[in-house]
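Every number here is computed from the coordinates shown, using simple stated rules; none is lab data. On a predicted model such as this, the values are computed, not experimentally measured, just so you know. Ideal geometry is used to build each Cβ from the backbone, glycine not excepted, and the neighbour counts take in all protein chains shown.
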Amino acid sequence: MSLKRFGVSLEEELLTDLDLIVENQRFPNRSRAIRFLVNDHKTRQSIAGNQQVTGAIVLVYDHRIARLHTEVANLQHEYHCMVLSSQHIHLDEKNCIETIAVRGTADKVIKLSNKLLAIKGIRHGNLVASSIE
Ligand code: NI
């Protein structure tokens, strides 16, 4: 596949963000980072509706907020048919990371992910999912 060159105009703040992505994820240059971001976006957009997907929901939260463990667990019980496994790691004195492997229709996987990410106190999180059809 041949490469096409084009100019990109970005606000200074966005350019700083792009350069941080390049640095943090060790891309050799901005072009590679942009390629990755476009592909990532395409993959996210391509899952929809009744399509079967599999993926992982990753959550980072503060262990000291006791209700978070309960709320995260309750949602997994509610959606138990879709949850394949979950792994909880106590990162340090304060932080936990939970990785929940899921399989199901895209709309339900996205709904579960959105519900988990919307829990007040979840510091960071993301869904990574791909079509398995
Ligand atoms: Ni923990």
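Yes or no: ILE100 closer than 20 Å to THR43 by Cα, within 16 Å of the ligand (Cβ to nearest atom) and among the β-branched types (Val, Ile, Thr)? In short, yes. Only a single item in (1) over 30 Å from GLY121 (Cα atoms); (2) touching a helix residue (DSSP H, G or I) at 6+ places or on another chain (Cβ under 6 Å) is not met by GLU11, and it is number (2). May I ask you to list the residues in segment 117-133 that are buried (at least 17 other Cβ atoms within 10 Å of the Cβ) and over 15 Å from ASP62 (Cβ atoms)? Passing the criteria: LEU127, ALA129.
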